[in-house]
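Trainee: Structure below; questions to follow.
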Amino acid sequence: MEACRNILVSGLDALNLPHTPEQIEKLLDFIKLIAKWNKAYNLTAVRNNEDMARLHILDSLAILPHIEGKRVIDIGTGAGLPGIPLAICLPEVEFVLLDSNAKKTRFVQQVILELKLKNVSVIHSRAEDYQPEHGFDIIITRAFASLPDIMKLTAHLLSPNGVLLAMKGQIPEAELADINTQTMLIPIKVPEVDAERCLVRISYA
């Protein structure tokens, strides 16, 4: 895992993100858990550990500077991305990871237990069916749905001044044209990943 460690440390340094040795260890343990469970649970098409470090961990953490508030929900978290890496690096923020796939939520629950993450809980549900007691400051989605669909399915989950952060590859011009609310397009550069990335920040207020 030494190559993965080097990728993570140099990547986080390039992103100007502070990190502790303990956080790096937990991120590496997360990669090991994905690799171990991937054979049976088919969590991700990425099989190589170094690629996981780049395409999953650094890709997730590249949006960290845009996380505000104290309550965050990751919709369609899958294998716990981007929620788990963000929760490891933001221990003071409460994360709820939601997915409708029971196998994947079982895996995420195992990760929470093994990594002893006190600030993460997992919900097995569809986004539109989940009715939390309190709204969230931030909704994050990664490869979940089109922007208009995301807004329709998740609007009830936001607190009054909450914000939606949709992680996208290329700029989704057509999807943006179908939205009449306030949006901000934030280009994202992921170290060691030669692909377009952007974050669409949608404010409902």
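Bear in mind that the values in this text are calculations on the coordinates, not laboratory data. Predicted model, so just to flag it, every value in this text is computed and none were measured. Here Cβ is always computed from backbone atoms with ideal geometry, including for glycine, and neighbour counts include all displayed protein chains.
Trainee: What are the ³J(HN,Hα) values, in whole Hz, obtained from phi via the Karplus relation 6.51 cos²θ - 1.76 cosθ + 1.60 with θ = phi - 60°, for each residue of the range 8-18 in sequence order, with x given for Gly and Pro?
Mentor: Using θ = phi - 60°, the values come out as 5, 5, 5, x, 5, 4, 5, 7, 6, 9, x Hz.
Trainee: What is the spin-label model distance, in nm, from Ile179 to Ser125 if the labels are put 7 Å beyond Cα along the C-beta direction?
Mentor: That separation, rounded to one decimal, is 2.3 nm.
Trainee: Starting from 0.36 nm per residue, how many nanometres of slack lie between Glu2 and Leu113 once their C-alpha separation is accounted for?
Mentor: My answer for the length gained is 37.5 nm.
Trainee: Note down the nm distance, to one decimal, between modelled labels 7 Å out along Cα→Cβ at Asn42 and at Ala155.
Mentor: 3.5 nm
Trainee: While we're here: Using +1 at the Cβ of each Lys and Arg and -1 at the Cβ of each Asp and Glu in the range 1-62, identify which of Asn38, Leu17, Leu55 lies farthest towards the dipole's positive end.
Mentor: Asn38
Trainee: Still on this structure: Below 14 Å, Cα to Cα, which aspartates and glutamates can Lys70 reach? Residues fewer than 8 away in the same chain don't count.
Mentor: List returned: Glu92, Glu94, Asp137.
Trainee: Compute the signed sum of charges (Lys and Arg +1, Asp and Glu -1) over the other residues within less than 14 Å, Cβ to Cβ, of Asp129.
Mentor: Taking every other residue near Asp129 into account, the sum is 0.
Trainee: Which ³J(HN,Hα) values in Hz, rounded to whole numbers, follow from the phi angles of the range 38-44 under the Karplus curve 6.51 cos²θ - 1.76 cosθ + 1.60, where θ = phi - 60° and Gly and Pro get x?
Mentor: 4, 4, 8, 9, 6, 6, 8
Trainee: Now a separate question. In this model, which of Lys39/Lys118; Lys152/Lys189; Lys26/Lys116; Lys39/Lys103 are farther than 21 Å apart at the alpha-carbon?
Mentor: Those over the limit are Lys39/Lys118; Lys152/Lys189.
Trainee: Helix 102-114 versus the longest principal axis of the chain: what is the Cα-based angle in degrees, 0 to 90, to the nearest 10?
Mentor: So the inclination is approximately 60 degrees.
Trainee: Something else about it: Lys and Arg at +1, Asp and Glu at -1: add these up for the other residues within a Cβ distance under 15 Å of Asn161 and post the number.
Mentor: That works out to +1.
Trainee: Follow-up. Quick one: dipole size for the chain, taken about the Cα centre, charges +1 on Lys/Arg Cβ and -1 on Asp/Glu Cβ, in debye to the nearest 20.
Mentor: Approximately 500 debye in magnitude.
Trainee: Kindly work out what percent of the DSSP beta bridges joining two residues of the chain are antiparallel, to the nearest 5. The partial results should precede the final answer.
Mentor: Details: 12 of 32 bridges.
Among the beta bridges of the chain, antiparallel pairing accounts for roughly 40 percent.
Trainee: How do Arg54, Arg201 line up, fewest other C-beta atoms within 10 Å first?
Mentor: Arg201, Arg54
Trainee: Which value in nm describes the separation of the simple spin-label points at Ala14 and Lys32, placed 7 Å from the Cα toward the beta carbon?
Mentor: The modelled label-to-label distance comes out at 2.5 nm.
Trainee: Taking H as built 1.01 Å from N, whose amide H comes closer than 5 Å to the amide H of Ile123, not counting residues under 5 places away?
Mentor: Leu97, Leu98, Asp99
Trainee: Turning to a different aspect of this structure: Note down the magnitude of the dipole of the range 73-128 about its Cα centre, charges +1 on Lys and Arg C-beta and -1 on Asp and Glu C-beta and zero elsewhere, to the nearest 20 debye.
Mentor: Values: 6 positive and 6 negative charges, 50 e Å.
Value, rounded to 20: 240 debye.
Trainee: Order these by the 10 Å Cβ neighbour count, fewest first: Val108, Val93, Val120, Val190. Let's see the in-between values first.
Mentor: On the way: Val108 30, Val93 18, Val120 25, Val190 21.
Fewest-to-most ranking of Val108, Val93, Val120, Val190: Val93, Val190, Val120, Val108.
Trainee: What's the exposure ranking of His156, His56, His124, going from fewest to most Cβ atoms within 10 Å?
Mentor: By the 10 Å Cβ count, ascending: His156, His124, His56.
Trainee: Something else now. Kindly identify the chain as rounded, prolate or oblate by the Cα gyration tensor criterion: order the square roots of the eigenvalues as a ≥ b ≥ c, call it rounded if a/c is under 1.5, otherwise compare a/b with b/c, prolate if a/b is larger, else oblate.
Mentor: prolate
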